[in-house]
1. Can you find a residue in the range 179-202 that is assigned to a loop (DSSP other than H, G, I, E, B), more than 16 Å from the ligand (Cβ to nearest atom) and at positive phi?
2. Return the residues of the range 352-397 that are in a loop (DSSP other than H, G, I, E, B), in contact (Cβ under 8 Å) with a residue 60 or more places away in the chain and more than 23 Å from residue 320 (Cα to Cα); say none if nothing qualifies.
3. Among the helices (runs of 4 or more DSSP H) confined wholly to the range 53-169, which include 3 or more residues that are within 27 Å of residue 266 (Cβ to Cβ)?
4. Just to be sure I understand the filter: pairs with C-beta atoms under 7 Å, separated by 6 or more residues or on different chains, first member in the range 206-234 and without any contact (Cβ under 8 Å) to a residue 60 or more places away in the chain, second member assigned to a helix (DSSP H, G or I) and more than 16 Å from the ligand (Cβ to nearest atom). Which pairs pass?
5. For residue 257, work out the one condition from (1) more than 10 Å from the ligand (Cβ to nearest atom); (2) outside any helix (DSSP H, G or I); (3) at pLDDT below 95 it doesn't fulfil.
6. Please find, among 26, 45, the residue that is in contact (Cβ under 8 Å) with a residue 60 or more places away in the chain, more than 16 Å from the ligand (Cβ to nearest atom) and either out of contact with any strand residue (DSSP E or B) (no Cβ under 7 Å at 6 or more places or on another chain) or in a helix (DSSP H, G or I) (or both).
7. So if I check each of 72, 18, 87, which one is on the phi < 0 side of the Ramachandran plot and at pLDDT below 95?
8. Could you tell me which residue of the range 224-253 is farthest from the ligand (Cβ to nearest atom), considering only residues that are under 17 Å from residue 411 (Cβ atoms) and not in a loop (DSSP other than H, G, I, E, B)?
Ligand code: UGA
């Protein structure tokens, strides 16, 4: 395999995983970030995000993997430039691409450059605009490749090194072949297509995953209303290979840095073309309703929530990460505080950003402390340690044993036997 010299722009979640995995594959990688503190941390051998296996991978590839703030150092000798910067929603709902354009512009002096690879999630049509910009800055000979990522937090290394597929959207065959060859050593089918189609694959894949979850959540509500058990129902539904068993777990709503942002961006993109997507809109609405159901349930159980102590168990948007972006826990905490409740929270990893609602919530180092004197508990994130705690003791320390298990983690019969007023999602 030809070893290539690669510059990765952005030392965020995607940039670090991409840079580390490309180094692991044998390439020479320079990761550039404009945040000096982030670069300092990485140079000191620490990893600023929580991702299993990433620290070890960075450490064992340190000969081939460097971090810098300096643009010249990054572009010097680089044959391939990866764009891994964030594309947050702007006020209009469209993705803000200013960081993407800044990176593309900064490549003007990259004399050895052969291809620019887009890893950031971007609207369809971004590649065409990037192509025009590359031409404008004298890089007409440089190919453009859309190579979306399908890595989930907590399993990103595995998803990169052993993916279900590699998508290559190319504006010329040479650049596409060059980027495909970077993945030599990875055993996965390669789907080669035009740039716009590759951009759409990413958004469509995330939208379909979100659709499956919203569907599971709606079936769960129907199960509640009819006495069926959603776990049994969806397990059997998922055994049909045409439907698939994954992403059919009902819960407290989907969150994270991708599904909410990408589904909104896709909806916005559709409306920019004059099309109102009915299904996607419903998928988003079902999720918003799902995130509020726990609060309604607590009101049904406790009446007025003013002055009530509510323990939120889990804050991260899913277990195995410290990420709180678009976490259902934040929506819940805001609504509970707005109702006048006191919020007591626990999470083993998550670090909420300063500001409301978390400034007004009290954080405890153990689930049991958060449960102390609580009028109700909501299990928000299915951290495995929550299955292990002594629930008899939890029952003892709570003021009222009301429990809403938003992730169907616990056994209803067992909890009810202990005296809990226990409810979960779609299970009798
Ligand atoms: C997601 C996708 O799974 C990745 O394929 C994609 O690359 C990534 O977004 C991205 O666009 O970068 P991630 O956001 O890390 O990855 O998390 P997921 O594990 O997909 O979970 C998303 C949300 O759905 C979480 O809140 C989770 O609790 C929820 N979920 C997931 C359910 O409620 N039910 C399920 O069955 C599965």
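The values are calculated or read from the model by the stated rules, or taken from the named source; none is laboratory data. What you see is a predicted model; the values in this text were computed from it and never measured. Glycine also receives a Cβ, built like all others from the backbone with ideal geometry; neighbour counts cover every protein chain displayed.
1. Scanning the range 179-202, I find at least one residue that is assigned to a loop (DSSP other than H, G, I, E, B), more than 16 Å from the ligand (Cβ to nearest atom) and at positive phi, so the answer is yes.
2. Pass one, the range 352-397, residues in a loop (DSSP other than H, G, I, E, B): 352-357, 361, 364-366, 372-375, 380-384, 389-390.
After this cut, where a residue has to be in contact (Cβ under 8 Å) with a residue 60 or more places away in the chain as well, the list is 373-375, 380-384.
Within the range 352-397, 373, 374, 375 qualify.
3. Values: elements: 54-60, 71-75, 98-105, 126-136, 156-161.
Qualifying helices (runs of 4 or more DSSP H): 98-105, 126-136, 156-161.
4. Here the result reads none, with nothing in the range 206-234 linked to a residue that is assigned to a helix (DSSP H, G or I) and more than 16 Å from the ligand (Cβ to nearest atom).
5. Going through the list (1) more than 10 Å from the ligand (Cβ to nearest atom); (2) outside any helix (DSSP H, G or I); (3) at pLDDT below 95, residue 257 breaks only (1).
6. Working: 45 fails: in contact (Cβ under 8 Å) with a residue 60 or more places away in the chain.
Of 26, 45, the one residue that is in contact (Cβ under 8 Å) with a residue 60 or more places away in the chain, more than 16 Å from the ligand (Cβ to nearest atom) and either out of contact with any strand residue (DSSP E or B) (no Cβ under 7 Å at 6 or more places or on another chain) or in a helix (DSSP H, G or I) (or both) is 26.
7. Working: 72 fails: at pLDDT below 95; 18 fails: at pLDDT below 95.
Sole residue among the options that is on the phi < 0 side of the Ramachandran plot and at pLDDT below 95: 87.
8. Applying the first criterion (under 17 Å from residue 411 (Cβ atoms)) to the range 224-253 yields 229-232, 235, 249-251.
Next cut, not in a loop (DSSP other than H, G, I, E, B) only: 230-232, 235.
Numbers: 230: 12, 231: 12, 232: 16, 235: 12 Å.
So the residue we want is 232.
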